[in-house]
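Remarks on the structure that follows.
The values are calculated or read from the model by the stated rules, or taken from the named source; none is laboratory data. Note that this is a predicted model, so its numbers are computed, not measured. Backbone-built Cβ (ideal geometry, glycine too); neighbour counts: all protein chains shown. For the accessible areas, the whole protein counts, side chains as well, though only heavy atoms, and no ligand, DNA or RNA atoms are used. Shrake-Rupley method; radii C 1.70, N 1.55, O 1.52, S 1.80 Å.
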Amino acid sequence: DVVVCGDFNIAHNEIDLKNFKGNKRNSGFLPEEREWLSYLFFKVGWVDVFRNLYSDKEEGGYTWWSNRGQAWAKNVGWRIDYQITSSKLARKARKATVFKKIRFSDHAPLIIDYDDCD
């Protein structure tokens, strides 16, 4: 199975960014961008592993913060980095974390723990 890790720079759902109401017309949350991710997940059949693990999580899992307005300190972020995989491999995912102990850039690494893959 394949895992696609990437910074798509698109927040798929309203719960994937702190201020969705103020960003509906901004790049990264435009309807056509979100539709493209919906197509990958619901038509093609790929799985957003983080959201699959935490479907009811209302907020958080952010992987990007603006460099303005103390967004990092206030955790006003967007979840725009993904691990996308087949449903078979997604079932082996056990835990997801965003590594924020060290700040590398305006993005933080998304880490997914999987059971042994065979």
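Summed over segment 2-48, residues that are in a loop (DSSP other than H, G, I, E, B), of a type outside the set (S, T, N, Q) and closer than 21 Å to PRO109 by Cα total 9. From the list ARG103, ARG79, the one residue that fits, being farther than 11 Å from LEU53 by Cβ, surrounded by 20 or more Cβ atoms within 10 Å (Cβ to Cβ) and charged (D, E, K, R), is ARG79. Of all residues in segment 86-97, exactly one satisfies the criterion of being assigned to a strand (DSSP E or B), buried (at least 16 other Cβ atoms within 10 Å of the Cβ) and either at pLDDT 95 or above or more than 14 Å from the chain's Cα centre (by Cα) (or both), namely ALA93. Residue pairs whose Cβ atoms lie under 6 Å apart, sitting 6 or more positions apart in sequence or on different chains, and linking a residue in segment 98-118 that is in contact (Cβ under 8 Å) with a residue 40 or more places away in the chain to a partner that is assigned to a strand (DSSP E or B) and small (Gly, Ala, Ser), are ILE112/ALA93; ILE112/ALA96. With respect to GLY69, is the statement that it is in a loop (DSSP other than H, G, I, E, B) and under 17 Å from ASN9 (Cβ atoms) true? No, not satisfied.
So LEU40 fits all but one of (1) under 18 Å from ASN75 (Cα atoms); (2) open to solvent by less than 40 Å² (accessible area, probe 1.4 Å); what number is the exception? For LEU40, the exception is condition (1).
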